[in-house]
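Student: Mind having a look at this structure? Questions to follow.
The values are calculated or read from the model by the stated rules, or taken from the named source; none is laboratory data. What you are looking at is a predicted structure, and each value in this text was computed from that prediction instead of being measured. Quick reminder, even Gly has a Cβ in these numbers, built from the backbone with ideal geometry, and neighbours come from all protein chains shown.
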4 protein chains.
Amino acid sequence: MTKQIGRYAWAIAEGYIPPASTGTTRELISHETVCILNAGDEDARIEIMVYFADREPVGPYKFTCGARRTLHLRFNDFTDPAPVPKGTDFSSVITSSVPVIAQHTRLDTRQPALALMSTMAFPLD
Amino acid sequence: MTKQIGRYAWAIAEGYIPPASTGTTRELISHETVCILNAGDEDARIEIMVYFADREPVGPYKFTCGARRTLHLRFNDFTDPAPVPKGTDFSSVITSSVPVIAQHTRLDTRQPALALMSTMAFPLD
Amino acid sequence: MTKQIGRYAWAIAEGYIPPASTGTTRELISHETVCILNAGDEDARIEIMVYFADREPVGPYKFTCGARRTLHLRFNDFTDPAPVPKGTDFSSVITSSVPVIAQHTRLDTRQPALALMSTMAFPLD
Amino acid sequence: MTKQIGRYAWAIAEGYIPPASTGTTRELISHETVCILNAGDEDARIEIMVYFADREPVGPYKFTCGARRTLHLRFNDFTDPAPVPKGTDFSSVITSSVPVIAQHTRLDTRQPALALMSTMAFPLD
């Protein structure tokens, strides 16, 4: 169970941070998420590139997912090298120094009842 | 990160444009979407065929997704060779001149609280 | 685009027909769906087995998806050899005489705002 | 149809039990689920490890999915070796003694209209 499992690279073609929220807590503010599982015994150095419709990609955004840990990242929180704009179409590619699993989830509370969607990212290697 | 990644062909078995909306802005009108990521350095010529329950397929609908760009396409917006009817079951096959990633998303606001769903398209090659 | 694409067998581990609806039209009654795309030039003979938590599987349910057609099937509508009970956990396995694509979708209107979920079925061959 | 189908190991990178519910029945209390299909003729011994953001993984949680049966498991119900905390990010890895299919679903009723999401788990072998 502590073997390195998963893949070194993943893609998510969807990407959109809803620009409004009816929720006011961090949990219920609209957010776009990539969840990463590193089930192995070595820390994962994660790099994420963000692609847009009308300009050059931005990144890499850099993170560490510890050994035997999960990291649920919100694109809303990305700051370096630049925030990800709200209300804008994007895509992302996630690469890792060790095999991981990546899954994409959105919570949308623009209207007064939350909506959810989720799908595994697409493995690239 | 700028290598050609993904596949040349994808299928989406679900397809349905909800025929009504409680939202009035473009963002909150019910829509059926295919999101495409072209992470490579060459433009992607995209062709989409749409399949129906009771008549011959329609298409190809033609698009270009630039190098290092994403293209979030709404079936609602398709016009040439013919609009995709609302409230009608369909499926689609996406082919590309270079490898891309494709993901399917629906936003449904027929009732006064939006619903979302998303899944990677199925890679065919 | 008219080649036989996809797989001969698919599995959906989730299965549940919500036992109530706030919607009253066929479109807005809670339903559990498998969408099939047959992009090839030969009709697909489809067989679906339904698995339960506490009794033997039921089926096969038999359908035909024409050449170059899509078939969006509701488990709610299954009758032969037996209806699929509402409010009951199940799973399904879809087999086809020719390669097809299968995708799982649920629309749930038990509470007064619809919810949606969708995922590609899992290819078995 | 009674052959052993599927895989021996699956991963779900997302994991979160919503800490509140507007629904009051078991069906409408917010829940995080993994659905397992064992279409084969031999019982499946299932083990699930749960991974967290900031501490060592917990498990294995042990279950049996009978031959030709489905098992829809709620992380909410896990007790041994320890409950899965609500409102906390986690991931999971599912292993089985025989091939099975695994799918991830969440029902969220924190706001007064349920939300759903679902995706196939990621096959590891």
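Student: Is it fair to say B:Pro19 is surrounded by fewer than 17 Cβ atoms within 10 Å (Cβ to Cβ) and in contact (Cβ under 8 Å) with a residue 40 or more places away in the chain?
Tutor: Yes: the conditions hold for B:Pro19.
Student: If you go through region B:74-112 one residue at a time, how many are within 14 Å of chain A (Cβ to nearest Cβ) and of a type in the set (Asp, Glu)?
Tutor: Of the residues in region B:74-112, 2 are within 14 Å of chain A (Cβ to nearest Cβ) and of a type in the set (Asp, Glu).
Student: Based on this model, can you work out whether D:Leu28 counts as more than 8 Å from chain A (Cβ to nearest Cβ), surrounded by fewer than 24 Cβ atoms within 10 Å (Cβ to Cβ), in contact with a Cys (Cβ under 6 Å, 6 or more places away or on another chain) and on the phi < 0 side of the Ramachandran plot?
Tutor: no
Student: Could you tell me which residue of region D:31-73 is surrounded by the most Cβ atoms within 10 Å (Cβ to Cβ), considering only residues that are among the aromatic types (Phe, Trp, Tyr) and facing another protein chain (nearest Cβ under 7 Å)? Even if it seems obvious, please write down each step before you answer.
Tutor: Let us first name the residues in region D:31-73 that are among the aromatic types (Phe, Trp, Tyr), namely D:51-52, D:61, D:63.
Remaining after also requiring facing another protein chain (nearest Cβ under 7 Å): D:51-52.
Working: D:Tyr51: 27, D:Phe52: 18.
Of everything passing the filter in region D:31-73, D:Tyr51 is surrounded by the most Cβ atoms within 10 Å (Cβ to Cβ).
Student: Considering only region A:74-120, state which residues are within 21 Å of B:Arg74 (Cα to Cα), surrounded by 20 or more Cβ atoms within 10 Å (Cβ to Cβ), of a type in the set (Gly, Ala, Ser) and in contact (Cβ under 8 Å) with a residue 24 or more places away in the chain.
Tutor: Result: A:Ser91, A:Ser92.
Student: Residues B:Leu71, B:Leu107: which one is over 22 Å from C:Met117 (Cβ atoms) and of a type in the set (A, V, I, L, M)?
Tutor: Result of the check over B:Leu71, B:Leu107: B:Leu71.
Residues checked against (1) within 21 Å of A:Ser118 (Cα to Cα); (2) of a type outside the set (A, V, I, L, M):
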site	(1), (2)
A:Arg7	yes, yes
A:Ala13	yes, no
A:Pro19	yes, yes
A:Leu28	yes, no
A:Val50	yes, no
A:Ala53	no, no
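Student: Okay, moving on. Condition test on A:Asp54, is it closer than 25 Å to B:Thr105 by Cα and either part of a loop (DSSP other than H, G, I, E, B) or at pLDDT 95 or above (or both)?
Tutor: yes
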